[in-house]
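Participant: Sharing a structure here in structure tokens format.
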Amino acid sequence: MAATELASAKHYLHTSFEHDAEFVEGRIVERPAPTWEHACVQGFLIEELWIIGRRLGPYTVPEQRVQVLPDRFRVPDVCVVADKPEGILGHRIVTLPPFLCVEILSPEDTAVGTLDKVREYLSFGVTWVWVIDPVSRSGQVHGPDGVTAVEDKIYSTDLFSVDLSGVEF
């Protein structure tokens, strides 16, 4: 699809992409293909958050479409939700704010674009947003009390923490 061609949300929701795209105000926005380091951090987070979820109850999913506004669908690298989304099996998307959305940076990501996503998640009602540089494993935690820089590789919410120092490349 050409970059200037507008699409409907219905068209977006019924289209498959090799690497799922986002939908922003009628435009289908391709996401960068993940690097090795990105995939390793994502896999590690899924495993750790699944273990935490078995104890606390939330569901952890990779690359799930999240409808943050009627004309905006984002695809966080990882999200943690309290409940399974409603709808027809095979077509469900998240329409209620996740507890946590994680954006793992790719070389093509920009600070402005990433900050726009963080703002959208927080405005939608997401409680926590983690932004992670997969190479250094440093980043930010955005939460109810503002933003905190992460240098020690430990990402936290009010319910749990995940130490990324165990990620191996």
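Every number here is computed from the coordinates shown, using simple stated rules; none is lab data. This is a predicted model, so every value here is computed, not measured. Here Cβ is always computed from backbone atoms with ideal geometry, including for glycine, and neighbour counts include all displayed protein chains.
Participant: Assess whether Arg55 counts as being out of contact with any strand residue (DSSP E or B) (no Cβ under 6 Å at 6 or more places or on another chain) and outside any loop (DSSP other than H, G, I, E, B).
Facilitator: In short, yes.
Participant: Still on this structure, I have one more. For the range 128-158, how many residues meet the condition of being touching a residue at least 60 places away in the same chain (Cβ under 8 Å) and of a type in the set (D, E, K, R)?
Facilitator: Going through the range 128-158 one residue at a time, the tally reaches 1.
Participant: OK, next. Determine the pairs where a residue that is in a strand (DSSP E or B), located within the range 8-32, has a partner that is among the polar types (S, T, N, Q) with Cβ atoms under 9 Å apart, the partner being 6 or more residues away or on another chain.
Facilitator: Phe23/Gln67; Arg27/Thr4; Ile28/Thr15
Participant: Kindly provide the set of residues from the range 33-46 that are surrounded by 13 or more Cβ atoms within 10 Å (Cβ to Cβ) and not in a loop (DSSP other than H, G, I, E, B), ordered by number.
Facilitator: Glu37, His38, Ala39, Cys40, Val41, Gln42, Gly43, Phe44, Leu45, Ile46
Participant: Same structure again: Out of all the residues in the range 143-166, which are within 24 Å of Thr110 (Cβ to Cβ) and either surrounded by fewer than 21 Cβ atoms within 10 Å (Cβ to Cβ) or in contact with a His (Cβ under 9 Å, 6 or more places away or on another chain) (or both)?
Facilitator: Start the filter on the range 143-166 by keeping residues that are within 24 Å of Thr110 (Cβ to Cβ), which leaves 143, 146-151, 153, 155, 164.
Across the range 143-166, the qualifying residues are Gly143, Gly146, Val147, Thr148, Ala149, Val150, Glu151, Lys153.
Participant: Could I ask something else about it? Take the range 73-102 and flag every residue that is under 22 Å from Ser8 (Cβ atoms), in contact (Cβ under 8 Å) with a residue 24 or more places away in the chain and buried (at least 17 other Cβ atoms within 10 Å of the Cβ). Steps first, please.
Facilitator: Taking the range 73-102 as the starting set, the residues that turn out to be under 22 Å from Ser8 (Cβ atoms) are 73-75, 85-88, 90-95.
When the remaining residues are screened for being in contact (Cβ under 8 Å) with a residue 24 or more places away in the chain, the result is 73-75, 91, 93-95.
Correct list: Phe73, Arg74, Val75, Val94.
Participant: On to the next question. Quick test for you: out of Ser138, Ser106, Ser123, pick the one residue that is surrounded by fewer than 18 Cβ atoms within 10 Å (Cβ to Cβ), touching a strand residue (DSSP E or B) at 6+ places or on another chain (Cβ under 7 Å) and of a type outside the set (D, E, K, R).
Facilitator: Of the residues listed, the single one that is surrounded by fewer than 18 Cβ atoms within 10 Å (Cβ to Cβ), touching a strand residue (DSSP E or B) at 6+ places or on another chain (Cβ under 7 Å) and of a type outside the set (D, E, K, R) is Ser138.
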